[in-house]
Amino acid sequence: MVDSPIPPFRNSGYDSFIKILINLLPKLQSVLNFIKSYKFLLIGITIGAIAGYLYYFYVGCSSGTCAITSKPINSTLYGAMMGGLLFYREPKRKGNSETSISETNSVE
């Protein structure tokens with residue numbers, strides 16, 4: 001009886017790992033769809049957070065009495081919020097997006 005140097009795939013313990021990956025694929029797809037829909041918002045939040053921290057680091061508030069720039073977490077969160085507001089675009093929806101508000105609210 002000769003043992004092969006490479007054990008069979010099923011007996012190696014990877015089959016449970018493969019099952020977990022297969023179960024996670026639909027969830028991963030929904031996460032990727034979310035990222036695709038809100039990519040400008042996520043980019044804005046990231047850029048704003050970096051800009052907020054850089055503002056704290058280079059300008060900051062030496063006395064500690066400034067509400068936003070006295071701590072790095074405050075300026076980073078404020079920058080992230082401003083970046084998100086600046087870059088936000090409503091995600092595209094499937095279907096007829098050409099319908100205006102006046103067409104939907106008209107009474108015949």
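For the reader, a short list of remarks on this structure follows.
- By the rule of a C-alpha distance below 25 Å, with chain neighbours fewer than 8 residues away ignored, the lysines paired with Lys39 are Lys27, Lys92, Lys94.
- Where Rh is the Kirkwood radius over Cα pairs, Rg/Rh for the range 14-90: 1.28
Read the figures in this text as sums done on the coordinates, not as results from a lab. What you are looking at is a predicted structure, and each value in this text was computed from that prediction instead of being measured.
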